[in-house]
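Enquirer: Structure below; questions to follow.
The values are calculated or read from the model by the stated rules, or taken from the named source; none is laboratory data. Every value quoted in this text rests on a predicted model; they were computed, and no experiment measured them. Cβ atoms come from the backbone with ideal geometry, glycine included; neighbour counts cover every protein chain shown.
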2 protein chains.
Amino acid sequence: MPATRTSSETPGETTGARSSGELARPLAPSEGVTARSADTEDRADRHVARWRDHWIDVDFDDEIEAITVRIGLISKFFDDARAAAASEVGLADFEYKTLHMLMIRDTPGHASPTALAKDLDISPAGMTGRLDSMEKAGWVRRTASVEDRRKISVEATKAGIEIWRRAMDLRGEAETRLLETLSPERRTELAALLKQLTLRIEDE
Amino acid sequence: MPATRTSSETPGETTGARSSGELARPLAPSEGVTARSADTEDRADRHVARWRDHWIDVDFDDEIEAITVRIGLISKFFDDARAAAASEVGLADFEYKTLHMLMIRDTPGHASPTALAKDLDISPAGMTGRLDSMEKAGWVRRTASVEDRRKISVEATKAGIEIWRRAMDLRGEAETRLLETLSPERRTELAALLKQLTLRIEDE
DNA sequence: GACGAATAGTTCGCCAGCGAAGTAGCTTCC
DNA sequence: GGAAGCTACTTCGCTGGCGAACTATTCGTC
């Protein structure tokens, strides 16, 4: 347990972990941050500022807090974009997610219900429900395996693949639109920094 | 609509948008990426590689795809950490989220149900349900307003505040543990890059 | 000062997902 | 070769959330 963040009631005692200082920091050391991004507050900045006002006895590193908030905001943006893309073409969010997972796996277009459930982080029971409604809608098909009659293969239908592709294109547009805010060099930097974190996560 | 990503069936026609090339890129141009992070694949790398193998006719920028996948993974890590912290102290995930939103707002500890529902991105009906069960559990209290009898104020109880603080400390530990993977300078870089994106999002 | 519109919150019926229990089929091993 | 145990999927009852009415109160306007 590093970074012991006690609920101590000693207000002024936590200066050590704090980052530089007031809200509009002088300018990040990393070269070439645009003026706009340096002196304009985003929601994360405002959150941290409010936090400092009201919960002065909580020992938080401002920058870590800001990063987690921003990751959450960006992730929400992607989630919303995905949901919007799905509904645009007439898919429920869960239908898109299921089709997507089905298509991007190493055996594109078919999988066992259990494997799919694991990938989607839902229970086997939930998977059954999804497949029931999606089979009825015509996006997937269940076919029994011959060599092991317990096994079932879920396959995307032609219609399912088609509609998924349309939703995916819309979704990709939104993602691209956002990330083109950054220059290619910046994107490479960002990708590398994020990768350090995902590798850490995969190490458990 | 930038980045027209059609569902065209012309496989080799999309080379323009691709980033550098094979999976293990020579090494990102950004200074000082650790060796480990440059030559080890993470889940996003594997996803992109598989993608390229199976969906060669889809026009994706590898790096943009990798970034979105990584943001998703990191966000999921934070979500899981939050849920684990909540259950550790005996709170349902939705209870923690509600208490948290109640406490971090500019009027810490109390708010109207509608305002809270908006912040939490759930419906008014859902809010009523949450408050019913949380009031029964003793984490919040509903008090009627005097000057406008339609209005209700939701307030966190002492017990609610206490248990929220305990969960939050646990959650913060997990976040700190992950982000300490990066040096303070790297964290500053990351925060700045992410801020460019959140500012863009806030611009709509 | 009274009637219509707007607002705050609750109630109702529905749906997606979960956990636990149930069923069916394969595998192992004596 | 058959009983025990594992695996794959389904069924059932419950819960959190949504959207759409509904109730109560205030505001706006003439």
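Enquirer: Under the condition of being more than 10 Å from DNA strand C (Cβ to nearest atom) and not in a helix (DSSP H, G or I), which residue from region B:116-142 is nearest to A:ARG43 (Cα to Cα)?
Expert: Checking each candidate, the answer is B:ASP121.
Enquirer: Can you tell me how many residues within region B:47-85 are at pLDDT below 85 and either within 15 Å of B:LEU178 (Cα to Cα) or outside any helix (DSSP H, G or I) (or both)?
Expert: Looking only at that region, the number is 6.
Enquirer: Tally the residues that are modelled with pLDDT of 95 or more and of a type in the set (Lys, Arg), restricting the search to region B:86-114.
Expert: 1
Enquirer: Hey, among the residues in region A:143-167 that are assigned to a loop (DSSP other than H, G, I, E, B) and near DNA strand D (Cβ under 9 Å from one of its atoms), which one's farthest from the other protein chains (Cβ to nearest Cβ)?
Expert: Across region A:143-167, the extreme among qualifying residues is A:ARG150.
Enquirer: Could you tell me how many of the residues in region A:190-204 are under 16 Å from B:LYS76 (Cα atoms) and assigned to a helix (DSSP H, G or I)?
Expert: Of the residues in region A:190-204, the ones under 16 Å from B:LYS76 (Cα atoms) are A:194-204.
Of the ones still in play, those that are also assigned to a helix (DSSP H, G or I) are A:194-202.
Result for region A:190-204: 9.
Enquirer: Residue by residue through region B:111-141, note down the ones that are more than 9 Å from DNA strand D (Cβ to nearest atom) and closer than 19 Å to B:LEU91 by Cβ.
Expert: Taking region B:111-141 first, the residues more than 9 Å from DNA strand D (Cβ to nearest atom) are B:111-116, B:118-119, B:131, B:134-141.
The answer is B:ALA111, B:LEU116, B:ASP119, B:LEU131, B:MET134, B:GLU135, B:LYS136, B:ALA137, B:GLY138, B:TRP139, B:VAL140, B:ARG141.
Enquirer: Give just the number: which of (1) within 14 Å of another protein chain (Cβ to nearest Cβ); (2) assigned to a loop (DSSP other than H, G, I, E, B); (3) within 13 Å of DNA strand C (Cβ to nearest atom) does A:THR107 not satisfy?
Expert: So A:THR107 meets the others, but not (3).
Enquirer: Among the residues of region B:174-185, write down those that are buried (at least 17 other Cβ atoms within 10 Å of the Cβ) and either assigned to a helix (DSSP H, G or I) or of a type in the set (Asp, Glu) (or both).
Expert: Once the filter is applied, which keeps residues that are buried (at least 17 other Cβ atoms within 10 Å of the Cβ) and either assigned to a helix (DSSP H, G or I) or of a type in the set (Asp, Glu) (or both), region B:174-185 yields B:ALA174, B:GLU175, B:THR176, B:LEU178, B:LEU179.
Enquirer: Within region A:88-103, can you find the residues that are at the interface with another protein chain (Cβ under 9 Å from one of its Cβ atoms) and surrounded by fewer than 17 Cβ atoms within 10 Å (Cβ to Cβ)?
Expert: Once the filter is applied, which keeps residues that are at the interface with another protein chain (Cβ under 9 Å from one of its Cβ atoms) and surrounded by fewer than 17 Cβ atoms within 10 Å (Cβ to Cβ), region A:88-103 yields nothing.
Enquirer: Output the number of the condition that B:ALA85 fails; it satisfies all remaining conditions of (1) exposed (fewer than 15 other Cβ atoms within 10 Å of the Cβ); (2) closer than 29 Å to B:SER153 by Cβ.
Expert: Looking at each condition in turn, B:ALA85 falls short on (1).
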